[in-house]
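Peer 1: Following this message is one structure expressed as structure tokens.
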Amino acid sequence: MIDRFASGFDPFVIPFLIGMAFVLVYCIIGAIRLILQLDAEDKKRFFISLITPKTIWKNLKDLFLNCLIHVKLWKRNRMLGFMHSSIAFGWFMLILLGHIECFIYMPHRVKLFYYPIFFNYFVAENETTIGGSVIFFLMDFFLLLVLTGIVLAIIKRVRSRIFGMRRTTKPSLLDRVGLYSLWLIFPLRLIAESFTAHISGGSFLTIPMNMMFKAFLGDQMNMLPTWWAYSICLCIFMCVLPFTRYMHIPAEMLLIPFRNAGLTIKHARRGFAKAQVYSCPNCGVCIDACPMSVKKANIKDTTVYLNRNIRRGNEKRIEEISDKCLLCGKCTAVCQVGVDGPQMRIAQRSIRNYGLEQDYSGIDITPFKEAVAAEASPDRVLYFAGCMTALTPAISRAMESVFRKAGVDYAFMDKDGGLCCGRPILMAGRFGQARQIIRKNKEIIKASGASTLVLSCPICYKVFREHYKLEGIRVVHHTEYMLELVKAGRLSPDAGSDVLVYHDPCELGRGSGIYEQPRELLRHTGELVEAEQNRDMSICCGGSLGSLTLGFDKREDLTRNALRNLKAGNPETIVTACPLCKTTFAMYSDIPVEDIAETVNKHLK
Amino acid sequence: MKDNIVIVGGGIAGMEAARQLLLLGYKPILVEKSDHLGGHVADWHCLFPDMTPAQDVVKGLVEQIKDANIFLETEVSFINRMKMGYNVMFSNGVNVICKAILLATGFDLFEASRKEEYGYGIYDQVMTNRDLERWFNTGDDKRITGKDIKKIGFVHCVGSRDVKAGNQQCSKVCCITAIKQAMEMKERFPDAEVYCFYMDLRLFGKKYEDFYIKAQMESGVHFIRGRVSEVSENMQGQVIIKTEDTLSGKPAKITLDLLVLMAGIVCNKQAVQTASMVQVQTDSDGFLKSKDNILNIIETGSKGVFLAGTATGAKTIPETAAEARAAALAIHNYLVAQS
Amino acid sequence: MMDFGFSISPSSTMNLDKVDLTLYDRLCSIEPDARKCMACGSCSATCTAGPWTGMSVRKVLLDIQRGKDKEAAAMLKGCMLCGKCTMVCPRGINTRHLILSLCRIYGEDAK
């Protein structure tokens, strides 16, 4: 390879350089700002993770698999997966190979930023570089791959249904500018490289194109304008990128190390939260996933719109979207970049100003504590039913019966009422108040001297597990606990012939990762069929405490939709493991709804 | 007269309409899904406000409609609209061509177990108004027989005025029924304290207010204004209910030996299906839809289809009977106009 | 008419002519269902916080309808937002949102 121009420069590279400089400066400043916005503890965590081999490896792996290959998307939708990885991975390879090419043949030019990008314009092939045909082939191959992706992207834009997406977002004006410039970059590159293929060399794509151009156009003068166009398109794309959905490309590169460092959302609009907002590609997968989307009026209250409105600073909409959400977490389960919809919303709720703050300092739990302490016993299992279970006495009764039948020494902590677990007020974003309640409950539990705490309510379970830090006390959900009793031979339910379907409660499934224990338990008592969408794709019953504003009458359609989903396998009974799901389903279901404790208890002698 | 008239439902409305139509010279066909006539009233013991035995009312009516064609344990399988009337197919295989149909399909008593927080079917000492009437009739119920009953509670509005139970309407008769049953229980258990937990006392009918005063003066029934929200059970098998005594503004708890739930009147689900065969819809309250709710409550939007009784909403027996008579007359007028 | 400069209206009488309903009206504009309350007391009976803190949704609503904002505020402070009242309300009022909205409106007043 030899230089075609001694200067190694042509003015057409200027637009590219401007775009590149802008986007780099913007993203680097942005990244530094987000890192600075982390609190001291998170900052420390983040920097440590950057030098810990385990997280370095995980970061690299995640960056490769998520940003380039889009593994999660492949699993969900192959067409979309192919489209994204062909563009991302293809483009990445073009850049990488461009640099390799430059490094091999023009090492003295490597320091020129633009050289690898416009390599084919600046070089001429000579006899010594015929061996480079492998690289030329690869360059053409990856360009073809990207072009295939672009064709699919155009088809998807016109007809998203072909890709299995029922609803998607509308791109903004700048999104469109970014989109069209992105679409144009690669065809222009193909044309530009084809024009120069007889000089710089090419492969199966560019050489034939070059011959064709010669036959039809025959004018070498077209060469420079197409390189200009290519450069300008790159410039446009990079200049609008920070203001479009494509910001997700650089943002995700920061989000992944953030997440791997174990950060949580501490502030509604800063640091980790902001990284999530910018990482949202506006793909709209969460729209179809959201249980509220059965009603058209709720479509614009999905996570993608939350992110969009946070970027736009539309406070009124941010509040509406944050307050309406059921916090079921399904958007997070389907999200390609892992935007945590529920946590984002709770964070938005937490920065609200209240003229009146709840205060529980006046609550005297001493008598309660003393009563519990009087009967303290280390072998005792403490059962906390929770507020909601007071309205579903069948659950607590079944649980007590199970304890007795298994010969468990138990104490029913809130039989005559207790304090709330704190999760509902946490969901409302009142963290300080939640801490007060948690502290009081913790004192009572500690006083009991019990070593195991059993909860039949997933709402309680989640907060006890994540926020109580009950050292020395095992916190288990009754689905886990009953399965343990069965496995230990302390319970032996007789197998029935009922056809059951298990509904995964949001807080237990997506919220706490418990999917298999209830299923294994239910297989002991009857035939288990699956809902159409189950496990982490389970549809919220609609009764969730997560939503602050969704009124009773607005929830019926959601519940009916969830019931329809559950009845796909023609079950005789719906079994769930949450008092709230049970009450909600029971209102509209035409088949019996019961808690797993009832099911198990029925099958015990 | 040859014109066939089909009456769906053999409760008070259906029987009274049949009686009137017989008097007018028709021979109506009456179908009843259960094995006896009288509907819900046949399960009752005594009726307010004069403590008339329910059996007397039912028997009297049954006696007077002997000449009608009565099919028991029969349901309507389908109805086809024809040019001059309807072709009705019954589940017993009989096929009838008729000019008029009277839907006297009545109501369903709210399934008290659906209000899980009240513990019906979960706790031993919880029963419904119907269970109590059955005990008045049979004297046999393990919740009462042989038990030392010292405190009895009546919960009004179970499945009525409650969107969560799917019925926003007032069932009209529960307040007076609760007072009636409270007094009857007091008679049987003179030493017991009897409590009624109500949201509003709606005692609108003839002599109902007298009943209320009697319950206060003679029976000493305690009236507590507050809707019961939770029921639990103690070690002795007694039930503990949580309510708010809204008049003193304090949450209240009380331990009872027997809790009676005043299950309300909800739309008969099967009736909705039958009605849809003749294009009669349900109104926004969930009951069958009349032509209008002022002067045409017994007529429907479908020609030759009439309504009577609790199919259109909660009613007392006298109201039901009056409507049935009106429906019989409307059917007669309709048939005369047709010929 | 002669004006003696005082009226025979003992302090124990609530003067409904002079009730300040600003707070209630503001609440109803945010959560119109507040008007649906029939004071059945289900919410207060089931309230988890009630026995500990004296919270009563029914009384809060009644108090602000009678202009007794301070009494209502004292009760609201004790709410644990557990949502049981929302579950039992026979009129389907979103009591939880009603409470949160009220807590915010008190803030607006201060401004």
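Peer 1: Apply the membrane-span-like helix rule to chain C: whole DSSP H runs, Cα extent along the own long axis of at least 18 Å, mean Kyte-Doolittle hydropathy at least -1.0. List the helices found.
Peer 2: C:95-110
Peer 1: Let's test the formula: R0 of 35 Å, r as the Cβ-Cβ distance of A:E516 and A:V158. What FRET efficiency results, to the nearest 0.05?
Peer 2: 0.25
Peer 1: Right, another one. Which distance in nm do the two modelled labels at A:A40 and A:A568 give, with both placed 7 Å along the Cα-to-Cβ direction?
Peer 2: Calculated label separation equals 5.1 nm.
Peer 1: I would also like to ask the following. Tell me which GluC sites (Glu not before Pro) from the range A:279-387 have a DSSP coil assignment and no more than 14 other beta carbons within 10 Å of their own.
Peer 2: A:E357, A:E375
Peer 1: Across peptide A:421-427, how many C-beta atoms of other chains are within 10 Å of each residue C-beta, on average? Don't skip to the answer; put the middle values down first.
Peer 2: Details: counts 3, 3, 3, 8, 6, 1, 3.
That average works out to 4.
Peer 1: When Lys and Arg each count +1 and Asp and Glu each count -1, what net charge do the other residues less than 15 Å away from A:R510, Cβ to Cβ, add up to?
Peer 2: Summing Lys and Arg as +1 and Asp and Glu as -1 gives 0.
Peer 1: Given the C-alpha centroids of the range B:195-250 and the range A:328-376, what is the distance between them in whole angstrom?
Peer 2: 37 Å
Peer 1: Once you place label points 7 Å from the Cα toward the Cβ at B:M84 and B:H222, how far apart are they in nm?
Peer 2: About 6.8 nm separates the two model spin labels.
Peer 1: How shielded is A:348-356 by partner chains, expressed as the average number of their Cβ atoms within 10 Å of its Cβ atoms?
Peer 2: Whole-number average of other-chain Cβ neighbours for A:348-356 is 5.
Peer 1: For B:V336 and B:K33 in the same chain, what is the full-extension length gain: residue separation times 0.36 nm, less their Cα-Cα distance, in nm?
Peer 2: Going from the current span to full extension adds 106.1 nm.
Peer 1: Further question on the same structure: Let me make sure I get this right: for the range B:1-133, a, b and c are the square roots of the gyration tensor eigenvalues over alpha carbons, sorted descending. Under 1.5 in a/c it's rounded, otherwise prolate if a/b > b/c, else oblate. Which is it?
Peer 2: On the way: a/c = 3.12, a/b = 1.66, b/c = 1.88.
Oblate, because a/c is 1.5 or more while a/b does not exceed b/c.
Peer 1: Hey, another quick one. Add +1 for every Lys or Arg and -1 for every Asp or Glu among the other residues with Cβ under 12 Å from the Cβ of B:A322, and state the total. Walk me through the numbers on the way to the answer.
Peer 2: Details: positive: B:K315, B:R325; negative: B:E16, B:E319, B:E323.
For residues surrounding B:A322, the net value is -1.
Peer 1: Something else: Would you mind counting up the charge near A:E315? Only other residues with Cβ under 12 Å from its Cβ, with Lys and Arg at +1 and Asp and Glu at -1.
Peer 2: Working: positive: A:R269, A:R312, A:K316, A:R317, A:R352; negative: A:E319, A:E320.
After counting each charged neighbour, the total is +3.
Peer 1: Quick one: which residues, 5 or more positions from A:V529 or on another chain, have an amide H under 5 Å from its amide H? H modelled 1.01 Å from N in the peptide plane, none for Pro or chain starts.
Peer 2: The list, which skips near neighbours in sequence, is A:L500, A:V501, A:Y502.
Peer 1: Give me the angle, in degrees from 0 to 90, between the Cα long axis of helix B:174-188 and the longest principal axis of the Cα atoms of chain B, rounded to the nearest 10.
Peer 2: Tilt of helix B:174-188: around 50 degrees.
Peer 1: Could I ask something else about it? Along each of its three principal axes, how wide is the spread of alpha-carbon positions in the range C:39-110, in whole angstrom units, largest first?
Peer 2: 32, 25, 20
Peer 1: Expressed in nm to one decimal, what extension gain is obtained for the pair A:L174 and A:D409 from 0.36 nm per residue of sequence separation less their Cα-Cα distance?
Peer 2: Once the chain is fully extended between A:L174 and A:D409, it gains 78.1 nm.
Peer 1: Would you please classify the overall shape of the range B:112-265 from the alpha carbon gyration tensor, given that a ≥ b ≥ c denote the square roots of the eigenvalues, rounded means a/c under 1.5, and beyond that prolate means a/b larger than b/c while oblate covers the rest? Don't jump to the answer; show the numbers that get you there.
Peer 2: Details: a/c = 1.27, a/b = 1.06, b/c = 1.19.
Because its axes are fairly even, with a/c under 1.5, the range B:112-265 counts as rounded.
Peer 1: Please work out whether chain B counts as rounded, prolate or oblate from its C-alpha gyration tensor, where a ≥ b ≥ c are the square roots of the eigenvalues and a/c under 1.5 means rounded, while otherwise a/b larger than b/c means prolate and anything else oblate?
Peer 2: Numbers: a/c = 2.24, a/b = 2.06, b/c = 1.09.
The shape class here is prolate.
Peer 1: Hey, what number do you get for the protein assembly as shown at 222 nm if only DSSP H runs of n ≥ 4 count, each worth -39500 (n - 2.57), divided across all residues, to the nearest 500?
Peer 2: It lands at -13500 deg cm²/dmol.
Peer 1: Something else now. Can you tell me the 0 to 90 degree angle between the C-alpha axis of helix A:303-312 and the longest principal axis of chain A, rounded to 10?
Peer 2: Tilt relative to chain A: about 60 degrees.
Peer 1: Moving on to the next point. At a Förster radius of 22 Å, what calculated FRET efficiency corresponds to the Cβ-Cβ distance of B:K150 and B:N234, to the nearest 0.05?
Peer 2: That gives a FRET efficiency of 0.95.
Peer 1: When only alpha-carbon atoms are used, what values of Rg and Dmax, in angstrom, describe the range A:366-484?
Peer 2: 13.5, 41
Peer 1: Using Cα pairs under 8 angstrom and six or more residues apart, how large is the relative contact order of the range C:39-110, in percent?
Peer 2: After rounding, I find 31 percent.
Peer 1: So if we plug the beta-carbon distance of A:R4 and A:R167 into 1/(1 + (r/R0)^6) with R0 = 56 Å, what FRET efficiency do we get, rounded to 0.05?
Peer 2: 0.65
Peer 1: Once label points are set 7 Å from the Cα along Cα→Cβ at both A:E319 and C:S29, what is their separation, rounded to one decimal in nm?
Peer 2: If labels sit at A:E319 and C:S29, their model points lie 1.2 nm apart.
Peer 1: Follow-up question, since we're still on this one. Working from Cα positions, state the angle (0 to 90°, nearest 10) between the long axis of helix A:556-566 and the longest principal axis of chain A.
Peer 2: 80 degrees
Peer 1: Going by Cα centres, the range A:279-313 and the range A:489-566 are how many Å apart?
Peer 2: Cα centroid of the range A:279-313 versus Cα centroid of the range A:489-566: 24 Å apart.
Peer 1: Counting pairs of alpha carbon atoms under 8 Å apart in space and at least six apart in sequence, what relative contact order in percent does chain B give?
Peer 2: 21 percent
Peer 1: If you rank B:E32, A:E471 by fewest surrounding Cβ atoms within 10 Å, what's the result? Spell out each step's value before the answer.
Peer 2: Values: B:E32 23, A:E471 6.
Result, fewest neighbours first: A:E471, B:E32.
Peer 1: Further question on the same structure: Scattering from the C-alpha atoms of chain A alone, worked out with Debye: what is log10 I(q)/I(0) at q = 0.08 1/Å?
Peer 2: -0.68
Peer 1: How shielded is B:163-172 by partner chains, expressed as the average number of their Cβ atoms within 10 Å of its Cβ atoms?
Peer 2: The per-residue average across the peptide is 3.
Peer 1: If you don't mind, there's one more thing I want to ask. Dimensions of the protein assembly as shown along principal axes (Cα, Å, largest first)?
Peer 2: The principal-axis extents, from largest down, are 118, 87, 80 Å.
Peer 1: Let me ask something additional. Quick one: order A:D288, A:D42, A:D504 by neighbouring beta-carbon count within 10 Å, fewest to most. If you can, show how the numbers build up before the last one.
Peer 2: Details: A:D288 17, A:D42 20, A:D504 27.
Going from sparsest to densest Cβ surroundings: A:D288, A:D42, A:D504.
Peer 1: If you don't mind, there's one more thing I want to ask. A:K487 label point, 7 Å along Cα→Cβ, cut-off 20 Å on backbone N: hits in the range A:560-589?
Peer 2: Zone members listed by number: A:577.
Read-outs: derived from the displayed coordinates by stated rules, not from any lab. Remember, predicted model here, so these are calculated numbers, not experimental data. Neighbour counts are summed over all protein chains in view; Cβ atoms, including those assigned to glycine, are modelled from backbone coordinates with ideal geometry.
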